[in-house]
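All remarks here apply to the structure that follows.
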Amino acid sequence: MRAWEKNIRQVVPYTPGEQPKVTDVIKLNTNENPYPPAPAVREALQNMDASALRLYPDPRADALVEVIARYYGISAEQVFVGVGSDDVLGMSFLTFFNSDKPILFPDITYSFYDVWADLFRIPYETPALDENFCICARDYDKENGGVIFPNPNAPTGEAVELSFIEDVLSHNQDVIVIVDEAYVDFGTSSALPLIEKYENLLVVQTFSKSRALAGLRIGYAMGNKRLIQALNHVKYAYNSYTMNTPSIVLGVKAIEDKEYFEDITARIIATREYAKEEFRKLGFMFGDSKANFLFVTHPRYTAEEIFEYLKTKKIYVRHFNRGRIKNYLRVTIGTKEQMEAVFAALKTMIGSEETRTN
Ligand code: PMP
């Protein structure tokens, strides 16, 4: 090792899902929305004036912050925007988790949390989900430097009730509690109403899933204005221009088209419930996901076998090859037609035998 290498920060990076270069695949591996963004977004993109890009963007992204605030009936001072919720969450770890005590998050959860904790040298503990992959509220009663969990959880899709979140909050009044609501729009109650009651609660959401804009990179946090101010201070200490001009303009259009958002979300929920039936008929086991994906396992075929087989049929799903979840696959809910293709492929692999016995 060279002397200068000793001073290089060593990190184990997060591994994002594969983005295949070919387009003739059914891509159900990164929880993207199978539908295009709202028509108003497409129209605004076509009419965009490239000369506007000569100027720096609005560092406060006021137009976007204001439209989000109005949509949720809160004030602009209660909203922080970032480059996808990954940016917002990373910034939140840096801003709020500064204690010597460990932060707490589930052992099976979004696999970026431990990466940020390591990057920012934040100690952490990961209480185990129970055998049904449920979070146990009592695991979060102990002294800690902060709490974060997704609702619904990823990659399990299991959601908790608001009473559970209040329970965790009531035992954690002296630290920041972050609820990562990346998948909340697919059928879970948001903890947003609780921000008025709990000044230490931060709710984080994204345009990547329910608003079909993963490529635009917009995420946002909502909470007490002092939390938002603290996030802004850290942001301005790092990079003032996180939100680019097209993201601000197109993000506003996306929020404004509520009807389209509600339509595609309802369609994904309906397809998810159809997919549950079909997976069940084929002998798969899974929890009651409230997200835009299902986390499935089969008693007779390994996740790896199914993953590889589907890939030969040009169907990409996600396999996290580790620990308790190595025999599970996370399958994003696509269009009805895409899911029909998945089940046609699985039927040839798993056979009709399961269908008869179920
Ligand atoms: N939170 C969870 C639980 C996720 O699964 C994801 C998607 N990888 C994110 C946050 C980040 O999504 P984005 O940065 O696209 O908003």
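Please treat every number below as a calculation from the coordinates, not as lab data. Since the model is a prediction, treat every value here as computed from it, not as a measurement. For neighbour counting, all protein chains shown are included, and Cβ atoms are generated from backbone atoms with ideal geometry for every residue, glycine included.
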Run the reach check for Lys281 against lysines, Cα to Cα strictly under 16 Å, same-chain hits fewer than 8 apart removed. What comes back? Lys347
With each run of n ≥ 4 DSSP H residues scored as -39500 (n - 2.57), what mean residue ellipticity at 222 nm is computed for the chain after dividing by its residue count and rounding to the nearest 500 deg cm²/dmol? -11000 deg cm²/dmol
Under the classification rounded if a/c is under 1.5, otherwise prolate if a/b is larger than b/c and oblate if not, where does region 60-180 fall, given a ≥ b ≥ c as square roots of the Cα gyration tensor eigenvalues? prolate
Once you order the gyration tensor axes a ≥ b ≥ c over the Cα atoms, which shape class does region 14-129 get: rounded for a/c under 1.5, otherwise prolate or oblate by comparing a/b with b/c? oblate
On the formula 1/(1 + (r/R0)^6), with r taken between the Cβ atoms of Ala3 and Leu53 and R0 of 56 Å, the FRET efficiency rounded to 0.05 is 0.85
Please give, to one decimal in nm, the separation of the simple spin-label points placed at Lys313 and Met349, each 7 Å out from Cα toward the Cβ. 0.7
Highest-first arrangement of 200-210, 135-145, where packing means the average Cβ count within 10 Å: 200-210, 135-145
Can you give me the relative contact order of region 79-178 as a percent, contacts being Cα pairs under 8 Å and 6 or more apart? 28
How much length is gained on full extension from Asp62 to Gln46, taking 0.36 nm per residue of separation minus their Cα-Cα distance? 3.5 nm
Would you list which aspartates and glutamates come within 13 Å of Lys225, measuring only between C-alpha atoms, while excluding same-chain residues fewer than 8 positions from it? Glu77, Glu196, Glu199
Helix 336-350 sits at what angle to the longest principal axis of the chain, using alpha carbons and giving 0 to 90 degrees rounded to 10? 50
Simple spin-label estimate for Lys197/Arg138, 7 Å along Cα→Cβ, in nm, reads 2.3
Between rounded, prolate and oblate, where does region 156-283 land on the alpha carbon gyration tensor, with a ≥ b ≥ c its root eigenvalues, rounded for a/c under 1.5, else prolate if a/b exceeds b/c? oblate
Remind me, relative contact order of region 39-257 in percent, using alpha carbon pairs under 8 angstrom and six or more residues apart? 29
Difference of contour (0.36 nm per residue) and Cα-Cα distance, Asp257 to Met285: 6.4 nm
Going by Cα centres, region 1-39 and region 157-228 are how many Å apart? 24
Counting Lys and Arg as +1 and Asp and Glu as -1, what is the net charge of the other residues whose Cβ lies under 13 Å from the Cβ of Ile228? +2
